[in-house]
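The values are calculated or read from the model by the stated rules, or taken from the named source; none is laboratory data. Fair warning: this is a prediction, and the values are worked out from it, not measured in the lab. For neighbour counting, all protein chains shown are included, and Cβ atoms are generated from backbone atoms with ideal geometry for every residue, glycine included. Accessible surface areas use protein heavy atoms only, side chains included; no ligands, DNA or RNA. Shrake-Rupley method; radii C 1.70, N 1.55, O 1.52, S 1.80 Å.
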Amino acid sequence: MAHETEHVGQQFRTAALVVLGLCGLLALLAHGSSFLIPLVIAGLLTTLISAGISRLQHYGLPTWAAMSVSITAFFLLVYAFAQVFSSQLDVVSDALPKYGNRFDDILGQLSTIIGEQQVEHISAFLSDMDFSSQAAALASSVSGLFGSFGLVLMYSAFLLAERGMITKKLGFLFPDPEKEKEVQDVISSVGHGIKRYVWIKTVVSLLTGFFCYLVLKFLGVDFSEILALLIFLLNFIPTVGSILGVVFPALISLLQFDTITPFLIVVVLCGGVQFTVGNIIEPKFMGDTLNLSPFTVIVALTFWSSIWGVAGAFMSVPITASLVILFRDIPALRPFAILLSADGDVDKTRRKPGQTKPAHPSAREKTQQKIESLQDELKKVHEENTRPKS
């Protein structure tokens, strides 16, 4: 009886420590966002640059050349984005009065179709939504991200300088070679999965923004460049980003033109681009890199965006994927990885094409293999000792 009471007390203490640990972690994520967000963004940017370096090294470039080309391409991309934003801000501010008048005309046309009372309800609903304050909050979040961009670049520079040093540190941290190898496998698995995701997502988002830009430019939609850039950025937000990447240019075309035809063309063509890229091209290249459940993706998007805002929405999938891969290789946390995965097969992401079993056996499988090997050796020794002598 005393033993059972002690066991129950131990379980209670363990549960209490887990709850307190989770509460402390949530408090750290919420109140330490100003410190953590630039650090996580720097980690993702370093991952993207490292992916470019690895890709160029695969094609035969030496390390120094691959690093120079990858870093130069990254800064050129950032410079191009900054130029688009700065050149289009005046165009957007000049077009706002025209769009306001056009919106009033659309409401007037709707009144003849659905009635003035319904139009008044729509106007009241839109007024209650207070788009101006939401836009100001969004602009504040974005400006905050750009304001910390210098800190992000500094973090990224130091992370790139220490690229590859983690392997040497593990040798001192884990003197046991077998334990060091297991930790290296976990870090390599996490790094490979996130690096592949960030690289493929960036390339696919660029393709999506480019094809949508061609559609918008052909139709003559205002500030097509900044809309294409917005589509590129929104494509990093799962599910919701693709929808908003069609809604924003469609609304601009509806407010700009006097006919509904350009609006319909934008919806069909940009929607077709988003569907083709998101459901055909991206899964073909992404494969089972992440193997996350769609429900997990939506919950992760909601959670990270609620504590970190716009930055959390963009980083929700890479952070969640890192946690799933990390949980997968820690026996005590493996059940959580199975629940968060798409089909429960958490070892799928590290298999080679055509492979039906995990590429790396788990700790339990390794122990079982050692036991079977010892049993075989003992059996051989027993047979030799019991064999009749001639």
Members of the range 4-56 found to be of a type in the set (S, T, N, Q) and at pLDDT below 75, listed by number: Thr5, Gln10, Gln11, Thr14
The range 237-250, residues that are modelled with pLDDT under 85 and open to solvent by 40 Å² or more (accessible area, probe 1.4 Å): Thr239, Val240
Pair list, Cβ < 6 Å and 6+ apart or interchain, from the range 196-224 residues that are more than 20 Å from Ser87 (Cα to Cα) to residues that are of a type in the set (Asp, Glu): Val204/Glu282
Count of residues meeting criterion [closer than 23 Å to Ala321 by Cβ and surrounded by 20 or more Cβ atoms within 10 Å (Cβ to Cβ)] in the range 205-220: 3
Helices (runs of 4 or more DSSP H) wholly inside the range 288-388 that include at least 3 residues being open to solvent by less than 80 Å² (accessible area, probe 1.4 Å) and modelled with pLDDT of 75 or more: 294-328, 334-340
Test: residue in the range 196-205 that is farther than 18 Å from Ser54 by Cα and either modelled with pLDDT under 75 or in contact with a strand residue (DSSP E or B) (Cβ under 8 Å, 6 or more places away or on another chain) (or both): no
Residue within the range 221-234 that is touching a helix residue (DSSP H, G or I) at 6+ places or on another chain (Cβ under 9 Å), open to solvent by 30 Å² or more (accessible area, probe 1.4 Å) and within 26 Å of Ser54 (Cβ to Cβ) present: yes
Cβ pairs under 7 Å, 6+ apart, first in the range 266-283 and closer than 14 Å to Ile200 by Cα, second crowded, with 18+ Cβ neighbours inside 10 Å and of a type in the set (S, T, N, Q): Val277/Thr208; Gly278/Ser242
Any hit, the range 267-276, residues being under 30 Å from Leu339 (Cβ atoms) and within 22 Å of the chain's Cα centre (by Cα): yes
Test for Leu255: is it in a helix (DSSP H, G or I), at pLDDT below 85 and farther than 22 Å from Ile280 by Cβ: yes
Gly271 being touching a helix residue (DSSP H, G or I) at 6+ places or on another chain (Cβ under 7 Å), open to solvent by less than 30 Å² (accessible area, probe 1.4 Å) and part of a helix (DSSP H, G or I): yes
